[in-house]
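**Q** Have a look at this one before I ask anything.
The values are calculated or read from the model by the stated rules, or taken from the named source; none is laboratory data. Keep in mind the model is a prediction, meaning the values are calculated, not measured. FYI the Cβ positions are ideal-geometry reconstructions off the backbone, even for glycines, and counts take in every protein chain you see. Remember, those area values only see protein heavy atoms, side chains included, never the ligands or the DNA or RNA. Shrake-Rupley method; radii C 1.70, N 1.55, O 1.52, S 1.80 Å.
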Amino acid sequence: MSAALKLNEFNLLDDAQCDARIAAAKNILGKKLVILGHHYQRSEVYKHADLKGDSLMLSRMAAETEAEYVVFCGVHFMAEVADIVTGGRRTVILPDLAAGCQMADMANLVKVRSCWEELSQVLDPDACITPVTYINSAANLKAFCGSHGGIVCTSSNARGVLEWSFAQREKVLFFPDQHLGRWSAYKMGIPLEQMVVWDFTRPRGGLEPEQIRQARMILWKGHCAVHQMFRPQHVDEFRRQVPNGRVISHPENALEVCLKSDRVGSTETILKTVRAAEPGSHWLVGTELNLVNRLAEEMKPKGVTVQFMSPMVCMCSTMFRIDPQHLAWTLDNLVVGKVVNQIRVPAEVAQPARQALDRMLAIAQ
Ligand code: 13P
Ligand code: SF4
């Protein structure tokens, strides 16, 4: 049997050479292969995706695919979700294993378990708290939620998930993104005074027992550094310069930015909203740079102006790790019968994680 092709050799190819190899491999693999691409992928990779979407759409697409190989152009937690929802019946591949998510890394099982343990010194968490993990989290945190009556959410269904969660129990522990949790709860009408932040670096989250008893939302102190680059003053400045302009943001932004936005939504919502905008309109967009740059180019001929929210260049550097060289390498290996960079979630984690994901998928967006 031939050995796996070496990545080093693919790193010497330019993008055009990779494009040709990717196209040829797709042709050979045909229906055995599906390439999923998140909206934050750089254009040189995004153009090769068969299906594109936000996290929720991609997890639904993965669950429904008949293809033998699912090559995920996204980040690690997305590929894990694809493996879990396909029940291990598909081979899921992440072209670069270093494509993680720094926000997902802000929570881990040891810290979440010790949070649960510390909460149990104040109340009975299994009786009164629904754990909710943002899909941007490791599979074992989804498993934690699955086995504690909890659920997963994405940026597009967080509201529905929270409604479900509060129907189960009176409180929610939301991790790892405090901002998505705060915004979604706020939009449901939960006052900010009923939300506390769990600082996982401090004993008992830095909270007094009474604060925990009073809180309805316990927000993990995690965030996405990319989205923290967008500040309320960027919106104010835009409003001064373009009084009729419109502002749209991702819910990973701080509450102050979301409050100043005309619309807040997932990457798919952002794309849909701006694509439907009237010619002559001017949009300020608070999300990842690759998405915004591509949208700006797409909308230019339609007379719609799209502007990035921050004066700084901020993009998701881990999404950016997937490049045409890694994609060509994984596909050419499949052509010669080799699977490289497979993502496989162990059954004992996948099973309870699937419970939490299935609860989410049962909730309409
Ligand atoms: P979406 O689910 O909106 O695509 O967001 C994923 C993400 O990681 C945003 O930073
Ligand atoms: Fe994670 Fe932020 Fe990148 Fe989204 S943009 S994948 S939350 S690091």
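**Q** Can you give the extra length, in nm with one decimal, that the chain gains between residue 364 and residue 109 once fully stretched, where that is 0.36 nm per residue apart less the Cα-Cα distance? Walk me through the numbers on the way to the answer.
**A** On the way: separation 255, 0.36 × 255 = 91.80 nm, distance 2.81 nm.
Stretched fully, the residue 364-residue 109 segment lengthens by 89.0 nm.
**Q** Considering only DSSP beta bridges whose two residues both sit in the chain, what percent are antiparallel, to the nearest 5?
**A** The answer is about 5 percent antiparallel.
**Q** Tell me, what % of the accessible area of the chain is carbon and sulfur with a 1.4 angstrom probe?
**A** 50
**Q** With a/c under 1.5 counting as rounded, go ahead and sort the chain into rounded, prolate or oblate using the C-alpha gyration tensor (a ≥ b ≥ c being the square roots of the eigenvalues; past the cut-off, prolate if a/b is larger than b/c, else oblate).
**A** Values: a/c = 2.11, a/b = 1.22, b/c = 1.73.
It comes out oblate by the Cα gyration axes.
**Q** Then there's this: Looking at the chain as a GNM with Cα springs under 10 Å, which of 178, 17, 228 has the largest mean-square fluctuation?
**A** 17
**Q** If ligands, DNA and RNA are left out, what is the accessible area of residue 177 with a 1.4 Å probe, given in Å² to the nearest 10?
**A** For residue 177, solvent-accessible area is about 0 Å².
**Q** Same structure again: With the chain treated as a Gaussian network of Cα nodes joined by springs under 10 Å, which of 205, 189, 146 yields the largest mean-square fluctuation?
**A** Looking only at 205, 189, 146, the largest GNM fluctuation is found for 189.
**Q** Separate question: Between 131, 209, 352, find the one with the highest GNM mean-square fluctuation for the chain; connect C-alpha pairs within less than 10 Å.
**A** Checking each option, the largest mean-square fluctuation is seen for 209.
**Q** Working out 0.36 nm times the residue gap between residue 89 and residue 317, then minus their Cα-Cα distance, what length gain in nm do you get to one decimal? Before the final figure, lay out the partial values.
**A** Numbers: separation 228, 0.36 × 228 = 82.08 nm, distance 3.04 nm.
That works out to 79.0 nm of additional length.
**Q** Let me ask another. Can you grab the distance from the C-alpha centre of region 289-336 to the C-alpha centre of region 23-37, Å, no decimals?
**A** Centre-to-centre distance over Cα atoms comes out at 20 Å.
**Q** For region 259-364, just say rounded, prolate or oblate: build the C-alpha gyration tensor, square-root its eigenvalues into a ≥ b ≥ c, call rounded for a/c under 1.5, and beyond that prolate if a/b exceeds b/c, oblate if not.
**A** Working: a/c = 2.56, a/b = 1.53, b/c = 1.67.
Oblate is the answer for region 259-364, as a/c is 1.5 or above yet b/c matches or exceeds a/b.
**Q** Using a/c under 1.5 as the rounded threshold, could you call region 138-229 rounded, prolate or oblate? The axes a ≥ b ≥ c are square roots of the C-alpha gyration tensor eigenvalues, and prolate needs a/b larger than b/c, oblate otherwise.
**A** Working: a/c = 1.16, a/b = 1.09, b/c = 1.07.
Cα axes put region 138-229 in the rounded bin.
**Q** For region 143-217, what is the charge dipole size about the Cα centre, in debye to the nearest 20, if Lys and Arg each add +1 at the Cβ and Asp and Glu each add -1 at the Cβ? All intermediate terms of the calculation are to be shown ahead of the outcome.
**A** On the way: 9 positive and 7 negative charges, 15 e Å.
In debye, rounded to 20, region 143-217 gives about 80.
**Q** Also, quick follow-up: If R0 is 56 Å, what FRET efficiency do you get for residue 122 and residue 339 from their C-beta distance, rounded to 0.05?
**A** Details: r = 47 Å, r/R0 = 0.85.
My answer for the efficiency is 0.75.
**Q** Round to a whole angstrom and tell me the spacing of the C-alpha centers of region 339-365 and region 166-229.
**A** Cα centroid to Cα centroid, the span is 24 Å.
**Q** Provide the FRET efficiency to the nearest 0.05 for the residue 24-residue 51 pair, computing r from the beta carbons and using R0 = 22 Å. Intermediate results must be reported in sequence, preceding the final value.
**A** On the way: r = 20 Å, r/R0 = 0.92.
For residue 24 and residue 51, the calculated efficiency is 0.60.
**Q** Another question, then. Between residue 13 and residue 213, how high is the FRET efficiency from 1/(1 + (r/R0)^6) when r is the Cβ-Cβ distance and R₀ = 51 Å? Nearest 0.05.
**A** 0.30
**Q** Further, regarding this structure: With every protein chain left in place, what is the accessible area per residue of region 125-194 in square angstrom, probe 1.4 Å? Mind showing how you got there, number by number?
**A** Numbers: 1960 Å² over 70 residues.
That works out to 28 Å² for each residue.
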